[in-house]
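The values are calculated or read from the model by the stated rules, or taken from the named source; none is laboratory data. Worth saying up front: this structure is predicted, and the values here are computed from it rather than measured. So basically every Cβ, Gly included, is an ideal-geometry build from the backbone, and we count neighbours across all protein chains shown. Ligands, DNA and RNA are stripped out before the accessible areas are found, and what is left, the full protein with its side chains, is counted by its heavy atoms. Shrake-Rupley method; radii C 1.70, N 1.55, O 1.52, S 1.80 Å.
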Amino acid sequence: ERSSREIENTLSDPDENVQTLTDFQYELFDALKSSTSVSVSAPTSAGKSFILRLDLIRRLRTNAPACVVYLVPTRA
C-alpha cells in the first residue's frame, strides 16, 4: 500500500527531476494546478512553501502570464 501511494504521489518535471510528495502535498499541488485561488492552513513543516515553489516553477515554465500572491502571517 505504501509503495502504491508513493507512486501515485510522485511528480516529475521536464528536467526529469522526481519528487515524491505526501498526501497533503500532492492534494495541495493538484488544487493549485486546477484552481484560480487556494487557501491553505497546515502545521509548520507540512511542506506548504515547498509545494508553492513547485507550483510557481510549473506556472513560470508555461510561459503564460502569471500572478502570484504569497501571504505569510508573522507573529507580533
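Table for the structure above
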quantity: Neighbour net charge for residue 38 - beta-carbon separation under 15 angstrom, K R +1, D E -1; calculated: +2
quantity: For the chain: accessible area per residue (Å², 1.4 Å); calculated: 83
quantity: D_trans [Stokes-Einstein, Kirkwood Rh over alpha-carbon pairs] for the chain, 20 °C, 1.002 mPa s, µm² s⁻¹; calculated: 156
quantity: Gain in span if fully extended, residue 20 to residue 35, counting 0.36 nm per residue against the direct Cα distance; calculated: 3.2 nm
quantity: FRET efficiency estimate (nearest 0.05) - Cβ-Cβ, residue 3 to residue 68, R0 25 angstrom; calculated: 0.15
quantity: By accessible area with a 1.4 Å probe, ligands and nucleic acids excluded, highest first: order of 56, 71, 11; calculated: 71, 56, 11
quantity: Carbon + sulfur, % of accessible area of the chain - ligands and nucleic acids excluded, 1.4 Å; calculated: 52
quantity: GNM top mover of 31, 46, 66 - the chain, alpha-carbon springs below 10 Å; calculated: 66
